[in-house]
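Each remark here refers to the structure printed beneath this line.
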């Protein structure tokens, strides 16, 4: 290797890489202050956002807004007829009935789940396949746990808890997607992993705010990877998301900044919620079937 080539390689792994890390974070900050850019299906969520957040909208108006997005409509019908929601065994065949059965929070969750799966398939994401698959599995595990914990142990709306669990790591998905736009970062997943460890929680909070998510849900995602004594019992949405996140493997090192939960602590948490594990696994199976 000649001296010129060595210099170029050093530049790619040194100053140029650092520069693109900084540029990516700066660009994200600027974007979050204006119009958030995501793959096509995020547009669908943004279009639906207004009608889904208006408590005075009748079901017919919500169904009309959803109907223009065929993929979301199909997923909603599928979810409404799944074992988790179809407790009577009566199948619904129209969108308005599906939304009535599910509730608005489940409609939001389904729309967000479609966005997240689209992010996994976005151009350039193949380089991060290991990270994205792990994030997606962790996200739906957290959502399943949050729904069951909220329903069984609190008075919190289970569908709101499921939505909060599903999107608690949306900042990490967003950072992975944005990293595909930078040549020096595309083939360096370890470098992107480092950025995510440092920034995914704060960027996630800003992103959820920019997307107009309810303040209670945004607050529940703050510091979700910061270790603390598990609440016993969980009382708030923040408690529910934290416990569900830990039960879903929130302790894996790359998101916990090298400070994973001690085995004894994880064991105690697993034992405390052991009774709910079969129900959480059943919920997870339904979600995988409907959201992927």
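Laboratory data are not the source of any read-out in this text; all were calculated from the coordinates shown. Quick caveat: nothing in here was measured; it's all calculated off a predicted structure. Backbone-built Cβ (ideal geometry, glycine too); neighbour counts: all protein chains shown.
Here are the numbers:
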{"item": "For the range 270-286 versus the range 215-252, the gap between their alpha-carbon centres in whole angstrom", "result": "16"}
{"item": "Within a Gaussian network of the chain (alpha carbon springs, distance under 10 Å), most fluctuating of 162, 112, 134", "result": "134"}
{"item": "Degrees separating the helix 158-167 axis from the principal Cα axis of the chain, which is the longest one", "result": "10"}
{"item": "GNM top mover of 222, 91, 160 - the chain, alpha-carbon springs below 10 Å", "result": "91"}
{"item": "Rounded D (µm²/s) - the range 96-226, Kirkwood Rh over Cα pairs, Stokes-Einstein at 37 °C, 0.692 mPa s", "result": "214"}
{"item": "Potential lengthening between residue 190 and residue 97 on full extension [0.36 nm per residue; Cα-Cα distance subtracted]", "result": "28.9 nm"}
{"item": "Relative contact order (%) - the chain, alpha-carbon pairs under 8 angstrom, separation at least six", "result": "20"}
{"item": "Distance in nm between pseudo-label sites at residue 285 and residue 26 (7 Å out along the Cβ direction from Cα)", "result": "5.2"}
{"item": "Approximate shape of the range 38-144 as ellipsoid semi-axes (Cα gyration tensor, √5λ), whole Å, largest first", "result": "26, 17, 11"}
{"item": "Inter-label distance, nm, simple model (7 Å from Cα along the C-beta direction), residue 219/residue 18", "result": "4.0"}
{"item": "The chain: angle of helix 277-291 to the longest principal axis, Cα-based, in degrees nearest 10", "result": "80"}
{"item": "FRET E, pair residue 123, residue 232, Förster distance 51 Å, beta-carbon r, rounded to 0.05", "result": "0.70"}
{"item": "Rule-of-thumb Rg ratio for the chain [Cα; 2.2 N^0.38 Å; N residues]", "result": "1.05"}
{"item": "MRE, 222 nm, helices only [DSSP H, n ≥ 4, -39500 (n - 2.57), over the chain, to nearest 500]", "result": "-22000 deg cm²/dmol"}
{"item": "Among 268, 150, 172: highest mean-square fluctuation, GNM of the chain, C-alpha pairs under 10 Å", "result": "268"}
{"item": "Between 0 and 90°, nearest 10: helix 129-153 axis offset from the chain longest Cα axis", "result": "30"}
{"item": "Inter-site label distance for residue 181 and residue 50 at 7 Å from Cα along Cβ, in nm", "result": "2.5"}
